[in-house]
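Since the structure comes first, as structure tokens, the remarks are kept for the end.
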Amino acid sequence: MWHDARALNATSGAITALVALACIASGVWWISQRPMFTLRAVRVESMYGLDLQHVNELTVRNGVLGKIKGNFFTTDLEQVRGTFEAVPWVRKASVRREWPNQLIVQVEEHEALGTWGEDGRLLSVKGDSFTANLAEADEDHELPAFDGPAGSEKEVLARFAELRGLFAPIRLVPTSLSLSKRYAWTVRLDNGMSVELGRERDQGRDSMKARVERLVSIYPQLVARLQEGHIDTIDMRYPNGLALSSSALSIPADATKPVKAAKKKAPTKTTKHT
């Protein structure tokens with residue numbers, strides 16, 4: 001009889017505890033639904049204390065706020081983070097709550113270095129390709145053009161930085177760099193010249209770096225030979241030489257004679273009759 005009374009007391013205690021927990025949970029839920037906890041603001045800041053260039057209040061209001069569900073307690077922060085990271089120009093975002101009715105979102109913006117491919121994408125300085133308004137990216141200066149197989153963005157970016165240094169001695173600057181599906185490199189320079197560099201074979205005398213260095217060493221001679229003629233293309237894929245095309249070259253009638261630079265024609269004078 002004594003054991004039955006103890007079991008009954010234990011059961012009653014458990015029931016009382018469950019009821020108390022249910023009441024507490026109900027009270028917490030009731031409090032959490034009060035209007036004071038309705039989200040009133042979403043503040044967007046730069047992740048590193050820099051001025052944001054492309055993410056602004058209008059962007060947030062039009063592209064994000066309508067997708068945020070719940071209140072201060074129930075909003076899914078991971079869902080909010082993902083929503084912000086889907087906004088153009090946002091590379092990364094972090095979200096936290098600020099008592100009692102505000103979210104603080106810190107964002108890292110993409111910094112565009114150039115265009116990527118032919119579908120209107122951009123390449124960031126960190127080697128990420130992303131989609132954004134091209135007009136916003138090149139409003140200060142024309143962007144270099146990059147292209148390559150999917151997943152090669154960081155490799156192309158690293159090679160671009162290397163080529164900038166290699167061409168610096170002859171004061172030429174790469175303006176575009178492409179990597180073909182066969183992994184052959186082509187660079188265009190700011191004087192309009194296109195250079196075929198081919199594939200990277202090894203780290204010896206036939207490496208891509210060695211080909212560029214060979215071109216840099218003989219480039220002043222090529223320019224001097226052509227005088228004021230413009231070099232259109234140079235093919236550096238030959239192990240012991242190169243091939244070039246230029247509008248300043250003319251083919252002699254006698255193929256046994258060397259090719260000479262074409263002479264520039266004097267400008268023709270026109271007389272205006274009145």
Normalised Cα Rg of region 132-224, dividing by 2.2 N^0.38 Å with N its residue count, works out at 1.15
Along principal axes, largest first, the alpha-carbon spread of region 60-147 in whole Å comes out as 47, 22, 21
With all protein chains in place and a 1.4 Å probe, Y48 shows an accessible area in Å² (nearest 10) of 130
Note: region 36-77, point scatterers on Cα, Debye, no solvent; log10 I/I(0) at q = 0.14, 0.26, 0.31 Å⁻¹ equals -0.40, -0.99, -1.11
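Please compute the per residue accessible area over region 35-80 with all protein chains in place, 1.4 Å probe, rounded to a whole number of Å².
Per-residue accessible area for region 35-80 comes out at 67 Å².
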Of 208-216, 70-78, ordering from highest average Cβ density within 10 Å down gives 208-216, 70-78
Carbon plus sulfur, as percent of the 1.4 Å-probe accessible area of region 154-213, comes to 49
Sparse-neighbourhood loop hits (GluC sites (Glu not before Pro), region 116-196; DSSP loop; Cβ within 10 Å at most 13 others) -> E118, E139, E142
To the nearest 20 debye, region 118-195 has a Cα-centred charge dipole, built from +1 on Lys and Arg Cβ and -1 on Asp and Glu Cβ, of 500
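The values are calculated or read from the model by the stated rules, or taken from the named source; none is laboratory data. Worth saying up front: this structure is predicted, and the values here are computed from it rather than measured. Quick reminder, even Gly has a Cβ in these numbers, built from the backbone with ideal geometry, and neighbours come from all protein chains shown. The protein model used for the area step is the full one, side chains on, heavy atoms only, and it has no ligands, DNA or RNA in it. Shrake-Rupley method; radii C 1.70, N 1.55, O 1.52, S 1.80 Å.
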